[in-house]
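Quick notes on the structure that follows.
The values are calculated or read from the model by the stated rules, or taken from the named source; none is laboratory data. A quick note: this is a predicted structure, and the numbers were derived from the prediction, not measured. Cβ placement follows ideal geometry from the backbone for every residue including glycine, while neighbour counts extend to all protein chains displayed.
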Amino acid sequence: MDVRIVVETTFEDGETQRRNIGRLCRAPDNLEPECLGLRIVEAKNLLGRLQEAILQSQIDEALAASRICDDCGKRCGVHDDRGRTLDTLYGRFRVKAPRLRQCACKSDAVAAKVALLLPFNALFPDRATPELLRLQAELGSRHSF
């Protein structure tokens, strides 16, 4: 048996993107209890890949929207395209989140420069998802020091 797991993302503009998440191969003659279904290592690996694919698609869509200048409607250029680290409940992931150049129409507004150059920081100021931060706070409050 050969199982392929693919995530298909459809964005608001109608574009569809497919990402291969994983592949499981099981021999038909090896029907032992420990070979049935998913093993915990395989499940963790697939869940991590699924989280990474969903995260990157969501961040790409949010950053595409933030590249459009509110005042003049032009696309802002990319300053650099280095990756950023984001902590989630399912692990630490490296995502592509470019910093953007300031639009020429806002050359004197310092506040707009910070907001446009770092759109990823506006989404995740603590470089962690709110769900992870809430769980950490809840678990931390249950333990005495």
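Things to note:
- Pairs with Cβ under 6 Å, 6+ apart, first in the stretch 5-20 and touching a residue at least 40 places away in the same chain (Cβ under 8 Å), second surrounded by fewer than 11 Cβ atoms within 10 Å (Cβ to Cβ) and among the aromatic types (Phe, Trp, Tyr): none
- Among (1) part of a strand (DSSP E or B); (2) without any contact (Cβ under 8 Å) to a residue 40 or more places away in the chain - the single one residue 70 does not satisfy: (1)
- Residues of the stretch 61-70 satisfying the condition of being of a type in the set (Asp, Glu) and at pLDDT 80 or above: 61
- Yes/no for residue 54 being part of a helix (DSSP H, G or I), closer than 30 Å to residue 104 by Cα and not basic (Lys, Arg): no
- Any chance residue 44 is within 30 Å of residue 102 (Cβ to Cβ), among the basic types (Lys, Arg) and surrounded by 10 or more Cβ atoms within 10 Å (Cβ to Cβ): no
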